[in-house]
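Read the figures in this text as sums done on the coordinates, not as results from a lab. All values derive from a computational prediction rather than experimental measurement. With ideal geometry, Cβ positions are generated from the backbone for all residues, glycine too; neighbour counts draw on all protein chains shown.
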Amino acid sequence: MAVTILVLVPLVAAILLLAIPPASAADGAIALVASVVTAGLAVVVCVLRLEVDVMWVRALGIRWHLAPDGISIALILLTVLLTLGIVLHTLHGPPPEGGTRSTLLGCVLLVEAGALGTFLTRDALLFFVGFEVVLVPMWVLIRRFGDHHRADAVRADAAGRFIFFTVLGSTLMLVGILFLVQRSGTSDLEVLAAAHGRGLPHGVQVAIAALLLAGLGIKVPIWPLHTWLPAAHTIAPTAGSVLLAAVLLKMGTYGIVRLAVANVPDGVATLSPVLAVLGVVGIVWGGLVCLVERDLKRLVAYSSVAHMGFVVLALASGSHTGLQAALFGNIAHGVVAALLFLVVGDLKEQWGSADLSVARAALRDTAPRFGLPLVFGFAAALGLPGLVSFWGEFLALYAAWFPAPGRPVVLFRVCVVLGAVGMAIAAGYAVRVIRIVWSGEGGDPAAAPVRDLRGVRHGVVVALVGATVVLGVGPQLLLHLSNADAAGLLQAVRR
């Protein structure tokens, strides 16, 4: 029952938080206890590889089948640890604008419950249910708790774009799942992966893969389906931005691996050149926008489009190295994006905006506990060796240079060259931000300094900086975790 309880704890806590009176002082205790218990249970479930498999909806053949594996364990741990960090960060900050703290924390835990269900489930239809649970609470976080320095219409537009695009993606994904289940006769993801598309004609595999890649591509997001993301990140509160970057985007790429790559490999192979081109365009496009973007939160959002482009390129390569690179890049982006959004979100709280054109005092001199994590975050974002993002991006380019048999080698190597150009562009925008915000070039030395990070909030940021360094120096910690299951998935595909 531990696996089921792992999902139920944040779900029940979220319901309690949304139901208690607004003035209740118990919200902090409920959220903290629930997030700590969930994190502890997740460690136990992942270490012991616990599993539950019982019939749930007999008429539809849907099983309550939850189990971690090497492909999902890192994502499960990332989700629970970041949720705990978000809860601590929220409890030690100012009261949220737009609603009660209990509502905000309830939405955070509801997103956690849906994400855990998505990463644990072994049933395709249950996967869709878990995926959909996160949408409404994320909409609430953006719409009600978004940037109140902006007009209400701007918050409504950002929230509306988020829900429109993600529901469109969900619809396409659901059609693809139903098509797959109808033609295969089962929704069991383990059975589907073992069959690796056997019995499905090539045209059917291509159609299913196209539906799944389009639907999940909106969630990743893949260029040019990314237009909802910068607006959502810019408006969302810090908690919403961290969840959006570090959890929701990962659900999209995880879905591509679990639903498309594992179950319709021939269809994915046929569409892989298109996937590779879109991924590399996202890398270059996102970097170029970051070179001129004035809003710091929006800049970090566009950098996410670029980083997820490397994950998409790695998946398109079709090799074991490419799958490992995609899984590693997923976690790397989650850690770095969480770090940057926490720091930038706290700065925006004090600045009142994240406009880089406003002259401000240098963080290096006035708030070094803000400045140093910001430098680490952008150094990781540019792929500096020794920090976590380097391995995901380097391995993605290596995998694309030597794609799986059947892929157009020349096209993929052109994509590698353009991806390397994207890494150079990333260095340019990272240095630009560090020059303006940390060293204060063009700033105003007489401007009021920000209050430096202290206490629990500083501890959360330091933990993420530590993860950035540890995983950058010891990438084998993640690569070894997923190696066997990634190899098994691709071997099943090739039989």
Can you tell me which lysines have their Cα less than 20 Å from the Cα of Lys348? Leave out same-chain residues fewer than eight positions away.
Lys297
P(r) for the stretch 271-495: what percent of alpha-carbon pairs falls in each 10 Å bin, starting at zero?
9, 33, 31, 17, 8, 2, 0
Fewest-first ordering of Val312, Val242 by Cβ atoms within 10 Å yields Val242, Val312
Per-residue Cβ neighbour rank within 10 angstrom, fewest leading, Ser272, Ser184:
Ser184, Ser272
Proxy reagent accessibility, fewest Cβ within 10 Å first, across Cys290, Cys46:
Cys46, Cys290
With only helices counted (DSSP H, runs n ≥ 4, each -39500 (n - 2.57)), the per-residue ellipticity at 222 nm for the chain, to the nearest 500, works out to -24000 deg cm²/dmol
Just subtract the alpha-carbon distance of Ala463 and Trp401 from 0.36 nm times their residue separation and send over the number in nm, one decimal.
18.9 nm
Expressed in nanometres to one decimal, the distance between label points 7 Å along Cα→Cβ at Val410 and Ala447 is 5.1 nm
As a test of the definition: which semi-axes, in Å, follow for the chain when you take the square root of five times each eigenvalue of its alpha carbon gyration tensor? Largest first, please.
34, 27, 19
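Would you mind calculating the gained length between Leu178 and Arg49 on full extension (0.36 nm times residue separation, minus the Cα-Cα distance), in nm to one decimal?
43.6 nm
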Given H placed 1.01 Å from N in the peptide plane, which residues other than close sequence neighbours of Gly440 have an amide H under 5 Å from its amide H?
Leu363
Using the Karplus curve 6.51 cos²θ - 1.76 cosθ + 1.60 with θ = phi - 60°, work out ³J(HN,Hα) for each residue of the stretch 359-369 in order, rounded to whole Hz, and write x for Gly and Pro.
6, 9, 5, 5, 5, 4, 9, 9, 8, x, 6
How high is the relative contact order of the stretch 271-495, in percent, counting Cα pairs under 8 Å that sit 6 or more residues apart?
29 percent
I need the calculated FRET efficiency for the pair Leu91 and Arg150, taking r as the beta carbon distance and R₀ as 22 Å, to the nearest 0.05.
0.30
Between Glu349 and Ala420, what is the label-point separation in nm under the 7 Å Cα-to-beta-carbon projection?
4.3 nm
Using alpha-carbon coordinates alone, the radius of gyration and Dmax of the stretch 28-182 in Å work out to 17.4, 51
Can you list the HN-Hα couplings for the stretch 339-345, worked out from phi with the Karplus curve (6.51, -1.76, 1.60; θ = phi - 60°), rounded to whole Hz and with x for Gly and Pro?
4, 5, 5, 5, 5, 5, x
If each of Ser439 and Leu288 carries a label point 7 Å out from its Cα toward its Cβ, how far apart are those two points in nm?
2.7 nm
